[in-house]
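Have a look at the structure below, then the notes.
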Amino acid sequence: MDVKTAAEAISPERAKELLTHWFHQRGARTVAFVQEENPQPDPDARYTVVYEARFKPSVLDQAQVEIWVTHDGEVAIGFETTARIAERLGTKSGRDRFAAGHEPARMSEAGMLALLDLIANGDLAIVAIVVPLLGLTGTEAVLLRGDLDALKSLGYSPTDWIRKPRTRKSIPSRHLLKFQPWH
C-alpha cells in the first residue's frame, strides 16, 4: 500500500482504508477495531467529525487510542482515558476524558501510521499524578522508545502532547504507566 509522507488532508475514505489495512497487517487479537462513519455531531465542537476509529484493548495494560477525521481532512488523536488509568492504579478519577492527544491537525498518512506503531508497540507511556484523597489529578504522554524528530520527518507534526521521559528522582505522586504491545 502506497502511503504518503507529506502532511495534507486525509479523506475519511482514505483513513478507513489505511487504518483497516494497518490493523489487519498488525494481527492484534486482543484489541477491538471499531469504526464509525458519520458519527453523531458534537454540538460543542469547533469542527465536524466524519469518521472515527477506536482501538479498544481487552486488557488495561494495553493502550487505547481513538482517531477522528474531520470534514476538512484533519486528524485528532485521543490516547488512553483517565478512567482506565485510574482503574489500573486503583484510584478514582473525576471526569473521564482522554489522558493525552491533540485536536484536529494536518498530518501525513505515514506520520499517522508511525504514531499508531509507537502506541501499538508499547513505546508511548503515561505519567499519572495521583494525590491522596483526590485520586488522579493529571496525566501526560511520554515517549519511551523512538524519536520525535523521526515522527516529525514522517509528517506527524503535532508532537507537543508527547514528552521525553524526565530523568529526575521519583516523586511519590507520579506513576509511570507502561503499556504492553498489542498482540
So, of the residues in the range 67-89 that are closer than 24 Å to THR137 by Cβ and among the polar types (S, T, N, Q), which turns out to be nearest to the chain's Cα centre (by Cα)? THR81
Answer with yes or no whether LYS92 is over 16 Å from the mean Cα position of the chain (by Cα), basic (Lys, Arg), at pLDDT below 95 and within 30 Å of VAL131 (Cβ to Cβ). yes
Consider PRO132 against the criteria (1) modelled with pLDDT of 95 or more; (2) more than 29 Å from PRO41 (Cβ to Cβ): it satisfies all of them except one. Which criterion is unmet? (1)
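Kindly check whether there is at least one residue in the range 102-110 that is among the basic types (Lys, Arg) and within 23 Å of PRO12 (Cβ to Cβ). Steps first, please.
Restricting attention to the range 102-110, the residues satisfying the condition of being among the basic types (Lys, Arg) are 106.
Filter again for within 23 Å of PRO12 (Cβ to Cβ), leaving 106.
Yes: one or more hits.
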In this structure, does GLY146 turn out to be on the phi > 0 side of the Ramachandran plot, of a type in the set (Gly, Ala, Ser), in contact with a Leu (Cβ under 9 Å, 6 or more places away or on another chain) and modelled with pLDDT under 95? yes
For helices (runs of 4 or more DSSP H) lying entirely in the range 40-154, having 2 or more residues that are farther than 24 Å from THR30 by Cβ picks out 109-120, 148-153
Exactly one of these conditions fails for GLY122: (1) surrounded by 14 or more Cβ atoms within 10 Å (Cβ to Cβ); (2) modelled with pLDDT under 95; (3) of a type outside the set (Phe, Trp, Tyr); (4) at positive phi. Give me its number. (2)
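The values are calculated or read from the model by the stated rules, or taken from the named source; none is laboratory data. This one's a predicted model, so the numbers in the text were calculated from it and none came from an experiment. Positions of Cβ are backbone-derived with ideal geometry, glycine not excepted, and every protein chain shown enters the neighbour counts.
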